[in-house]
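Participant: Pasting in a structure now, in structure tokens, and then I'll have a few things to ask.
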Amino acid sequence: MKITGIRATPVAVPFGTDEIWAFGRRRGQVSVIVEVDTDDGLTGIGEAAAYPSTDVVLAALGAIEPLVVGESPLNVERVAKRVEVVGTWHHMKNTSPALAAVDMACWDIIGKVCGQPLVTLFGGRFRDSVDFFYYVSGADLDELTERARQGVKEGFTTLYLKVGSTSVAEDVERVAAVRAGAGPDAGIRIDANEAWSPATAIRALRSMADYGLEFAEQPVSGRNLSEMAYVRGRVDTPLLANEASWTRFDQLEVIRHGAADAVSVDNQMDGGLLNLKRSAGICEAAGLPVVKHSLGELGVALAASLHVMAATPNFVHANQCYASLLADDVITEPHRYRNGGLTVPEAPGLGVTLDTDKVATYAEAYARDPRGYAFHDQDKLSAAPAIPRI
């Protein structure tokens, strides 16, 4: 069996509620659906988040295609190394989602050939359901309280809130609003997206301590691990590395510096599903739990990571995904939460099927307004260009 070509389709799917964070806002998810064709007639599906932009992903896929056509999709390690070494993609990150999508599609083919869901091929079911957090997004305090209340009502035990405004007092009010809606038992995870200086992070986290935070995700720059370790030693709230830990190599440095209590990992930022499993293994050896990070994904990429998380012991905390924000999806049977968790697909490969009508609808939506769901917000580009903000 040989790869004969790669097909890429950008799609734009709206959110039911806007995503709002320290440096912007977006109204929906743009992803690139990837189909890898073979000479045996089997096609594997994958998905790349449009990070840092759709144009970059499409250009990267165009560069990958001549490196993998003629290779067997069953030799997924060889395919990845051919891109990384022969293709000289030694330092990826911004181009990793494209390779991750091709990798994902190859694994889909492998599962179909074996007649097994990927969870079996990645070690078997350690758990049947994977926990996720509820993304609390809102512009005002009342909305945050109501969204938090709704998340708990739907069975989620962890709520996720973006912070990092230009005022610590405002962020504390937002955390208080979420706690008011969540009640005393739900976990609250905040994410500053590197918006704080070390001094501000310490002040903010101490001010929020009474609200019982589960984790503070990337409160300071991920580029200075000594700063993270400094903050970690001066607050009681556990720190979760994110921007500091997007690849296996970054995770090793986080561990060496003692910079975090848990580590965020992501197959899209590290180029493949095996790398997600490797990341978890590195952190397990260091005694650290991991959580799955997301750049935003639809049902295809979510299914792929579900298989790996279900087969890997130290995914013990709620993970990130965007299903609670999405107004729709591009698969025939969208993922449905039950008590804050998602069950692992049982069909061979990824276990999901593209809804061709939905793909066509949202491909047309992207073509009409390709920048409509971009990461950045025009109003924020001049208002908050610097990290840290305060």
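Read the figures in this text as sums done on the coordinates, not as results from a lab. On a predicted model such as this, the values are computed, not experimentally measured, just so you know. As a convention, Cβ positions derive from the backbone with ideal geometry for all residues, glycine included, and neighbour counts pool all protein chains shown.
Participant: Rounding to the nearest 20 debye, state how big the charge dipole of the range 119-343 is about its Cα centre with +1 on each Lys and Arg Cβ and -1 on each Asp and Glu Cβ.
Facilitator: 560
Participant: Also: Can you give me the Kirkwood hydrodynamic radius for the range 100-190, using every pair of distinct Cα atoms, in Å to one decimal?
Facilitator: With all distinct Cα pairs of the range 100-190 included, I get 15.6 Å.
Participant: Now for a separate question. Using a basic spin-label model with each label point 7 Å from the Cα along Cα→Cβ, how many nm lie between Leu42 and Arg82?
Facilitator: 1.6
Participant: Compute the long axis of helix 54-68 from its Cα atoms, compare it with the longest principal axis of the Cα atoms of the chain, and write down the angle in degrees, 0 to 90, nearest 10.
Facilitator: Roughly 40 degrees, rounded to the nearest 10.
Participant: Between Ala360 and Arg206, how high is the FRET efficiency from 1/(1 + (r/R0)^6) when r is the Cβ-Cβ distance and R₀ = 35 Å? Nearest 0.05.
Facilitator: Taking R0 as 35 Å, the efficiency between Ala360 and Arg206 is 0.10.
Participant: Give, rounded to the nearest 20 debye, the magnitude of the charge dipole that the chain has about its Cα centre when Lys and Arg contribute +1 at Cβ and Asp and Glu contribute -1 at Cβ.
Facilitator: 720
Participant: Between the range 166-203 and the range 49-81, what is the C-alpha centre distance in whole Å?
Facilitator: 39
Participant: What share of the DSSP beta bridges in the range 119-343 is antiparallel, in percent to the nearest 5?
Facilitator: Of all bridge pairs located within the range 119-343, approximately 15 percent are antiparallel.
Participant: While we're here: When the helix-only estimate is applied to the chain (DSSP H runs of n ≥ 4, each -39,500 (n - 2.57), divided by the residue count), what is the mean residue ellipticity at 222 nm, nearest 500 deg cm²/dmol?
Facilitator: -11000 deg cm²/dmol
Participant: Which value, in debye to the nearest 20, describes the size of the charge dipole of the range 74-168 about its Cα centre when Lys and Arg Cβ atoms bear +1, Asp and Glu Cβ atoms bear -1, and nothing else is charged?
Facilitator: 400
Participant: Give a residue-ordered list of calculated ³J(HN,Hα) values for the range 262-276 (Karplus: 6.51 cos²θ - 1.76 cosθ + 1.60, θ = phi - 60°; whole Hz; x for Gly, Pro).
Facilitator: Those phi angles translate into 8, 10, 8, 10, 7, 5, 6, 7, 10, x, x, 5, 4, 5, 4 Hz.
Participant: Let me ask something else. List, in order, the whole-Hz ³J(HN,Hα) value for each residue of the range 225-239 obtained from phi through the Karplus relation with A = 6.51, B = -1.76, C = 1.60 and θ = phi - 60°; use x for Gly and Pro.
Facilitator: Values, residue by residue: 6, 4, 4, 4, 4, 4, 5, 4, x, 10, 10, 8, 6, x, 9 Hz.
Participant: If you average 1/r over all unlike Cα pairs in the range 1-62 and invert the result, what Kirkwood radius do you get in angstrom?
Facilitator: After inverting the pairwise mean of 1/r, the radius is 13.2 Å.
Participant: Using +1 at the C-beta of Lys and Arg and -1 at the C-beta of Asp and Glu, which of Val13, Ala201, Cys114 has the Cα lying farthest in the positive direction of the dipole of the chain?
Facilitator: Farthest along the dipole direction, towards plus: Ala201.
Participant: Amide H to amide H, which residues 5 or more places from Phe15 or on other chains are under 5 Å from it, using H placed in the peptide plane?
Facilitator: Answer set, sorted by chain and number: Gly28, Gln29, Ala327.
Participant: Still on this model: Using alpha carbons only, how many degrees (0 to 90, rounded to 10) separate the axis of helix 168-182 from the longest principal axis of the chain?
Facilitator: Its long axis makes an angle of about 70 degrees.
Participant: Hey, what do the phi angles of the range 202-219 turn into as Karplus ³J(HN,Hα) couplings, whole Hz, using 6.51/-1.76/1.60 and θ = phi - 60°, x for Gly and Pro?
Facilitator: Result, rounded to whole Hz: 5, 4, 5, 5, 5, 5, 9, 4, 5, 8, x, 6, 6, 8, 10, 8, 6, x.
Participant: Among Pro348, Ala169, Thr54, whose Cα projects farthest towards the positive end of the dipole of the chain, with charges put on the beta-carbon of Lys, Arg (+1) and Asp, Glu (-1)?
Facilitator: Ala169
Participant: Between [x] 20.1, 61; [y] 22.4, 71; [z] 21.9, 80, which matches Rg and Dmax of the Cα atoms in Å calculated for the structure shown?
Facilitator: [x]
Participant: Would you mind checking Lys81/Lys162; Lys81/Lys112; Lys81/Lys292; Lys112/Lys153 for any pair whose Cα atoms are more than 28 angstrom apart?
Facilitator: From Lys81/Lys162; Lys81/Lys112; Lys81/Lys292; Lys112/Lys153, over 28 Å: Lys81/Lys162; Lys112/Lys153.
Participant: Is the C-alpha gyration tensor of the range 119-343 telling us rounded, prolate or oblate? Criteria: a/c under 1.5 is rounded; beyond that, a/b larger than b/c is prolate, otherwise oblate.
Facilitator: oblate
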